[in-house]
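Everything below concerns the one structure shown next.
The values are calculated or read from the model by the stated rules, or taken from the named source; none is laboratory data. On a predicted model such as this, the values are computed, not experimentally measured, just so you know. Cβ sites come from the backbone with ideal geometry, for glycine too, and all protein chains shown count toward neighbours. Accessible surface areas use protein heavy atoms only, side chains included; no ligands, DNA or RNA. Shrake-Rupley method; radii C 1.70, N 1.55, O 1.52, S 1.80 Å.
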Amino acid sequence: NIIINKNKKIWLTIPVKKSSINTKIKDKIIDDKKNWRKKHIKTLFQCYSNHPYIVDLDELLNFLKNLKYKNLSDCNIKNTIFIAKKLNIKTEFLNASDFSINEKRTQKVIKILEKIDAKEYISPIGGKEYLIEDNFQKISSVKLTINDYKNRNYNQKNSKEFISNLSIIDAIANSGWIG
């Protein structure tokens with residue numbers, strides 16, 4: 001997650017305990033000894049406290065502060081579901097790990113799509129190269145759509161020029177729960 005502070009992008013990261021590079025995200029354990037929650041909330045408050053929708057952002061920060069989770073995937077899942085509900089996005093969330101599929105990359109995606117009887121797979125632009133390289137369209141009957149998302153500009157307080165590709169935190173602080 002990237003936010004802005006004085007027109008500069010800064011990363012907010014959640015520390016995890018050391019593990020193998022092959023460790024699945026569901027097995028990445030958050031390192032709470034580093035007091036990252038308090039630091040993140042302090043940073044976010046410093047960056048956004050004078051923004052027009054600080055009350056909306058405060059709601060998200062309270063949710064994050066009070067969440068109890070031990071691994072990175074639970075943190076991501078709970079945050080995503082909370083934000084989706086606040087934005088009135090109605091969808092079913094599924095965890096890839098619930099499917100017990102051992103394949104990797106494109107083969108794993110295809111197996112999941114088959115299990116849920118999907119007709120179309122909308123992939124972010126970041127997956128395009130490997131999906132094409134792995135011949136997704138030749139080995140699957142599922143329609144592949146690459147979503148080359150274009151940001152919708154919104155007013156960013158204290159920014160002379162719109163800074164794109166930031167965390168939803170920035171959009172909430174500047175525009176509220178847009179949905």
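Taking the stretch 82-130 only, how many residues are more than 20 Å from Asp27 (Cα to Cα), free of Cβ contacts under 8 Å to residues at least 40 places away in the same chain, under 15 Å from the mean Cα position of the chain (by Cα) and not in a helix (DSSP H, G or I)?
The qualifying residues number 2.
Yes/no matrix, rows are residues, columns are (1) within 26 Å of Tyr154 (Cβ to Cβ); (2) modelled with pLDDT under 95; (3) touching a strand residue (DSSP E or B) at 6+ places or on another chain (Cβ under 8 Å); (4) among the β-branched types (Val, Ile, Thr):
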{"site": "Lys39", "(1), (2), (3), (4)": "no, yes, no, no"}
{"site": "Lys42", "(1), (2), (3), (4)": "yes, yes, no, no"}
{"site": "Asp74", "(1), (2), (3), (4)": "no, yes, no, no"}
{"site": "Ile83", "(1), (2), (3), (4)": "yes, yes, no, yes"}
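Give the residues of the stretch 14-36 that are within 30 Å of Phe99 (Cα to Cα), part of a helix (DSSP H, G or I), at pLDDT below 90 and not hydrophobic (A, V, I, L, M, F, W, C), sorted by residue number. Please lay out each step first, then the result.
Filtering the stretch 14-36 for residues within 30 Å of Phe99 (Cα to Cα) gives 14-32.
Imposing the further condition that a residue be part of a helix (DSSP H, G or I) reduces the set to 25-27, 32.
Still in the running and at pLDDT below 90: 25-26, 32.
Matches in the stretch 14-36: Lys26, Asp32.
Is it the case, given these coordinates, that Thr145 is among the polar types (S, T, N, Q) and at pLDDT below 95?
Judged against the criteria, Thr145 is not a match.
Run Ala118 past the list (1) at pLDDT below 90; (2) open to solvent by less than 50 Å² (accessible area, probe 1.4 Å); (3) more than 30 Å from Lys6 (Cβ to Cβ) and report the number of the one that doesn't hold.
Every listed condition holds for Ala118 apart from (1).
Limited to the stretch 37-81, what total is found for residues that are part of a loop (DSSP other than H, G, I, E, B) and open to solvent by 70 Å² or more (accessible area, probe 1.4 Å)?
Matching residues across the stretch 37-81 total 5.
Of everything in the stretch 131-152 that's closer than 26 Å to Ile178 by Cβ and in contact (Cβ under 8 Å) with a residue 12 or more places away in the chain, which residue is most open to solvent (accessible area, probe 1.4 Å)?
Among them, the one singled out is Tyr149.
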